[in-house]
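Following: one structure in structure tokens, then a few remarks.
All of the numbers you see were taken from the coordinates with simple rules; none came from a lab. Given the structure is predicted, the values throughout are model-derived calculations rather than measurements. All Cβ positions, glycine included, derive from the backbone under ideal geometry; neighbour counts span all protein chains shown.
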Amino acid sequence: MITDIKANKPRPITSKIKIELFKRGTNVQHAIKILEAGNHILITEFYSNGLSLLQELKAHLNKKFPNKSFLEQKEYRAAYHKLSNLILIEIVDHKLEVKKSPSIGWLEKLYPETGNFFLSFPQIQGLNSSWQWYKKGITIPVLRNKIHPYYGTYFPTRFEHLVLFDNWLKRYKGPKKSAIDVGIGSGILSLQMMKYGFQKVFGTDTNPNAIIGLAEFMGNTKLSRKIELDFGYLFGKWKKQTELIVFNPPWLPKLKNTDTNDEAIYYNEKLFPDFFKEAKQRLLPEGKLVLLFSNLAQITNVTKEHPIEKELSEGGRFQLEKYLKKRVKTASDKTKRDQYWRSTEEIELWVLKNK
Ligand SMILES: C[S@@+](CC[C@H](N)C(=O)[O-])C[C@H]1O[C@@H](n2cnc3c(N)ncnc32)[C@H](O)[C@@H]1O
């Protein structure tokens, strides 16, 4: 049952801990010393007091790690992460206790069991921006309605791959009885398939928040009878063969010895072999397997291996029916430092069929 799944959320602190108060006028250097000793600071009075302490902490760490070398940048980030998470904020009755603070609906939705607890200031910032996205919704060029991504769920910030998929769906002439959307995220690919007349989509995700969020979004509407969800690995409980399987997988290999554990972005070495093996069992003889991918890992020299090309040359299960690619628009000013590779980034749509 979807109602039994537990959402990922920042862990609330409910036990008693040693804490020092921070308000306007508190000596900042003293506060930073407390953090460096591994103790907690509680933000009081105004939300902005937390913001200014974070600013001061950044300035302090910038002095400590002035170098722009990769290693120092990494140390800076690690130190900021550690110390900033010792800065706490109190939640009373599902609301931030300090004045002039944003109202964050997640505090009620994600913590039904307790209204009074502490979270770290960066966690609150994360919950706050996620709440803004969720409430306002995000306009997706290929969909009529906005999507409302649930806390901790992947949503796209660029749309080239969705346009590729949309164009492919527009021309698709095969049967439209059912499809499987592996790693459904905020449901965009499934909604595109609905738009083009698919009668049923079976979606999965290993991220509980994706499943909970979509179940909530669909409620009891007609959509909830057309898109069925399962919280599970790859195909989850869906065993029946379908005429279309789509997967927009993570695009980057997980590097050893890093804490890159976001499953929407990084894949481990088992993911693609497992996926193709299981997809083979679930694709109808005339079915299509559609994957969205990019050359990001290759052009940033993270790996030379392309998991889809590898499957095609070594797997013996599928053959290529169509391969489309699209240049990604040049980066905006904000991401200028990445521009050297952005300019050559290409999004790929792969259509495979049974051999
Ligand atoms: C790049 S996102 C794509 C989400 C959505 N399909 C879209 O196109 O907007 C990849 C999604 O796959 C999910 N995922 C990663 N590994 C998975 C696995 N082994 N089984 C099921 N889902 C997985 C992630 O949690 C994430 O939601």
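Worth a mention:
- Of the beta bridges in the chain, as assigned by DSSP with both residues counted there, near 45 percent are antiparallel.
- Working ranking of peptides 14-26, 285-297, 183-195 by packing, defined as the average number of other Cβ atoms within 10 Å per residue, highest first, is 183-195, 285-297, 14-26.
- Each Lys or Arg adds one and each Asp or Glu subtracts one; over the other residues with Cβ under 15 Å from the Cβ of K63, this totals 0.
- Antiparallel content of DSSP bridges confined to segment 160-354, in %, to 5: 45
- Fraction of beta bridges assigned by DSSP in segment 2-134 that are antiparallel (%, nearest 5): 50
- Within the chain, helix-based [θ] at 222 nm, where runs of 4 or more DSSP H residues each add -39,500 (n - 2.57), nearest 500: -9500 deg cm²/dmol
- Dipole-positive endmost among F121, P66, S103 within the chain (Cβ charges, Cα centre): S103
- Between segment 272-332 and segment 24-76, the alpha-carbon center distance in angstrom: 44
- Dipole magnitude for segment 160-354: about 740 debye, using +1 per Lys or Arg Cβ and -1 per Asp or Glu Cβ, origin at the Cα centre.
- Only Lys, Arg, Asp and Glu carry charge here, each on its Cβ (+1 for the first two, -1 for the last two); on that basis segment 100-208 has a dipole of about 620 debye about its Cα centre.
- Shape call, the chain: gyration tensor on alpha carbons, a/c limit 1.5: prolate
- Prolate/oblate/rounded call for segment 2-134, Cα gyration tensor, a/c under 1.5 rounded: prolate
- Highest mean first, the peptides 203-209, 40-46, 164-170 sorted by other C-beta atoms within 10 Å per residue fall in the order 203-209, 40-46, 164-170.
- Euclidean distance between Cα centres, segment 133-191 to segment 206-251, Å: 12
- Cα extents of segment 136-216 along the three principal axes, largest first (Å): 36, 23, 17
- Neighbourhood net charge (12 Å Cβ-Cβ; Lys/Arg +1, Asp/Glu -1) for S130: +4
- Dipole check for segment 16-110: with +1 at the C-beta of Lys and Arg, -1 at the C-beta of Asp and Glu, and the Cα centre as origin, the magnitude is about 240 Debye.
- Net charge over other residues, Cβ less than 14 angstrom from the Cβ of T44 (K, R count +1; D, E count -1): 0
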